[in-house]
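*Asks:* Take this structure first; my questions come after.
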Amino acid sequence: MEQEVRASIRVKARIRLRSESGRKHRMLSMGGKFSLPTLSPLNRSSFGRTAVDEKTPLHPKLRDLAMHRMGSAGNMTGSNRPRKEKRLTYVLNYADDSKHCAGINCLALLKSTQDYVYTGSRDGTLKRWALDESATSCSATFASHVDWVNDAVIVGDNTLVSCSSDTTLKVWNCLSDGTCTATLRQHSDYVISLAVAEKNSNIVASGALGGEVLIWDLEVALAPASKSSDTMEEECSNGIAGSGNSLPATGLRSISSSNSICTHPSQTPVYIPVAAKGHKESVYALAMNESGTLLVSGGTEKVVRVWDPRSGSKTMKLKGHTDNIRALLLDSTGRFCLSGSSDSMIRLWDLGQQRCIHSYAVHTDSVWALASTSTFSHVYSGGRDMSLYLTDLATRESLLLCTEEQPVVQLALDDDSIWVATPNSSVHCWPAEGSHPQKAFQRGSSFLAGNLSFSRARASLEGSAPVPIYKEPKLAIPGNPGIVQHEVLNNRRHVLTKDSAGSVKLWEITRGVVVEDYGKVSFEEKKEELFEMVSIPAWFTVDARFGSLSVHLDTPQCFSAEMYPVDLNITGKPEDEKVNLGRETLKGLLAHWLNRRRQRIGSQSSANGDSLPGNNVNIRSLSHPRIDNDGNADNDSLVYPPFEFSSVVPPSVITEGSHGVLWRRRITDFDGSEDEKDLPWWSLDCVLNNRLPPRDTKCSFYLHPSEDSTVQSLTQGKLSAPRILRIHKVANYVLEKMVLEKPLDVVNTEGSFAPGGNGAFRSGLKSWQKLSPSIEILCNNQVLSPDMSLATVRAYIWKKPEDLVLNYRAAQGK
């Protein structure tokens, strides 16, 4: 039996290796980088969530990075792989965008003349909160990441470093208005954890799901001469002014940087961080001592690895935990290490003796966060059991301080208070007695931590669970309730959402606003109530991974939906003219950009004495000849009311810039300098040149008399008409053929319905109400409503893959 199991494992391993080898070949053929992925029990949707089993192995490489892997920059020689164009995404922001709208993943404290707490969220942003005795206020939002912010640390006096699931580290000035000063790119997978040397403001370590641990010398990495070409390109294209050497040089720099700059005679020097190689699986936790001479890491391998960050060499490996290591702490000297694990245990390690000297069974579930007093005598711990404990490391005495409504993800100790981050968008500050932790034990009944995990579980089952000594937090930073459920309605303009507070809202995605707040009602019942029997192509996709709606536009799909002006309440346009929803949405999104662009061109032309050029810009016309001019749309930048986005709460655009770099910016922050290197060429071609890609907006059908009809037979072959053509237009065509013996101009010589009709049909009553005798149009023996479109009939009445068949007869009772 054992031999059979081993044989099965070997077969599966070979299959996986062949699969990875094939995928490596495909990625290399596209000019991309490849690193062998790691089976990880943690993915973005499960990180810090209680609904997902941590032990379930999920393949991190099977998730599209930030939902935005747009494909290669072009087809390579010998490749038949179709070229996939860049995607444009816009994120709809809440009316009160000073608050987070998704779970908080990280916390950082800055002590100065004005104390600040920094929060990093799953909504992709960081926020700076000014602390007062009884209140907090948001003083800045740092928005440049294009995926979840997973960790953040304060480096020196005024530098903030963050890491994200977009695989990057970003450097910020702590006291700025939110400008990113540098982006560091070396990781190939989600960056989960950071560690900083408090007394060496140059050294930062980062750990990722791919098993990579990198040690960065920020002074060298941020020096102008060492910036990589893609980083400089991104900063220039996004209008971000680099700060150069934003960190002061110190005499404590311990990492030798002489070999960290790779040069080529024709290339800009590229900084390469020190790599600590040894992890074969995901890294969840890092910690570093004050001087930056010792680094510890942990993850899914269930061991604590100890490194010399100056060289990246591994010094020891500590075994003892039986599950993933999720949190690590080092004392100031680097002698002692605390680890928290998914096995529910906290362990104290003596690195000098290279062994575990104490284990603490405090929690009943995974331990995800640790914070210690300055003397390393007491530890605060939180995790999946939603509890915050204080434990005396010497006496093993433990105390339940408080409980949260969701699992504790991270902790930040601030004198006599402790900040707690959870998957909720709000942050709580609890009393902690950090300066005198023994005072806390005088407030409630404590218990002795066992040394086996089952001891706490058994105590909990026996009903001897401790009672928290604090019932309410002393301070809270409120957040917006994030969207937890959403549904795109059939009209393809509205999205119904339900947030974490249970409130159901209706969003109009072509304007980016909430048009109706239904309160706490049944989501399913409201969805059924709002159902419309209409069929419009799915011209966009949507998700709520940021806690708010992210709308994705891909060409040519985003140009597949059309509507008549009357259905959009647009006045001043001909009744039969078609409005392309994708085109008008792009015009609304890029209206500010277009205005700024015209101002820039105008000022440049005035300075040069030239006349102002027109809109027509030849964008990739040679490489993309199959571009159709949208003859039905006005070649102007007029934005109609159903497509006007708010300038007070503008959406943010996420797309791919040069060198495959993703970037994020509010639409009101465009300065007009953005071009094809920054925005998808097809979006600019649409807005500037009124050109849309080829698309199929026709519906083929046959038109025959009904079996019981006395109306004459019209000998017709297959007809073709726009999908949005109304049934009353088909009835008009039948009447014109019968009464007038020939059609006016509703059908053209090729058997296709023309967009117009007789001028008499364009005003007053609808045309089908004017002609007599009346004609009914049927499908599958069902009389059709005159206002139905051909697409709606095909989707809800015909329900067959074959060409649509319509029948006509004289209206009953006429």
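*Asks:* Distance between Cα centroids, the range 102-169 to the range 533-557: provide it in whole Å.
*Replies:* Cα centres, the range 102-169 to the range 533-557: 30 Å.
*Asks:* On to the next question. What is the order of Thr510, Thr541, fewest Cβ neighbours within 10 Å to most?
*Replies:* Details: Thr510 23, Thr541 16.
In increasing order of surrounding Cβ atoms, one gets Thr541, Thr510.
*Asks:* Here's another thing I want to ask about it. Modelling each spin label as a point 7 Å along the Cα-to-Cβ direction, I'd like the Lys317/Arg355 distance in nm, to one decimal.
*Replies:* According to this spin-label approximation, the distance is 2.0 nm.
*Asks:* Please report, in debye to the nearest 20, how large the charge dipole of the range 304-391 is about its Cα centre when each Lys and Arg carries +1 at its beta carbon and each Asp and Glu carries -1 there.
*Replies:* 360 debye
*Asks:* For Phe643, Phe447, what's the fewest-to-most ordering of other Cβ within 10 Å of each Cβ?
*Replies:* Numbers: Phe643 24, Phe447 17.
By the 10 Å Cβ count, ascending: Phe447, Phe643.
*Asks:* Provide Val730, Val648 in ascending order of the number of other Cβ atoms located within 10 Å of each residue's Cβ, fewest first.
*Replies:* Details: Val730 27, Val648 8.
Final ranking by Cβ density, sparse to dense: Val648, Val730.
*Asks:* What's the FRET efficiency of Ser137 with Ser522 using the Cβ-Cβ distance as r and R₀ = 41 Å, to the nearest 0.05? Walk me through the numbers on the way to the answer.
*Replies:* On the way: r = 37 Å, r/R0 = 0.89.
Efficiency for this residue pair is about 0.65.
*Asks:* Could you give the length gained on full extension between Leu175 and Asp708, defined as 0.36 nm per residue of separation minus the Cα-Cα distance, in nm? Display every interim value, and only then the final one.
*Replies:* Numbers: separation 533, 0.36 × 533 = 191.88 nm, distance 8.02 nm.
Working it through step by step, the gained length comes to 183.9 nm.
*Asks:* Starting from 0.36 nm per residue, how many nanometres of slack lie between Asp416 and Lys111 once their C-alpha separation is accounted for? Don't skip to the end; give the middle numbers.
*Replies:* Details: separation 305, 0.36 × 305 = 109.80 nm, distance 1.38 nm.
Value of the extension gain: 108.4 nm.
We did not get these values from a lab; they are worked out from the coordinates using the rules stated. Note that the structure is a prediction, hence the values are computed from the model and not measured. For neighbour counting, all protein chains shown are included, and Cβ atoms are generated from backbone atoms with ideal geometry for every residue, glycine included.
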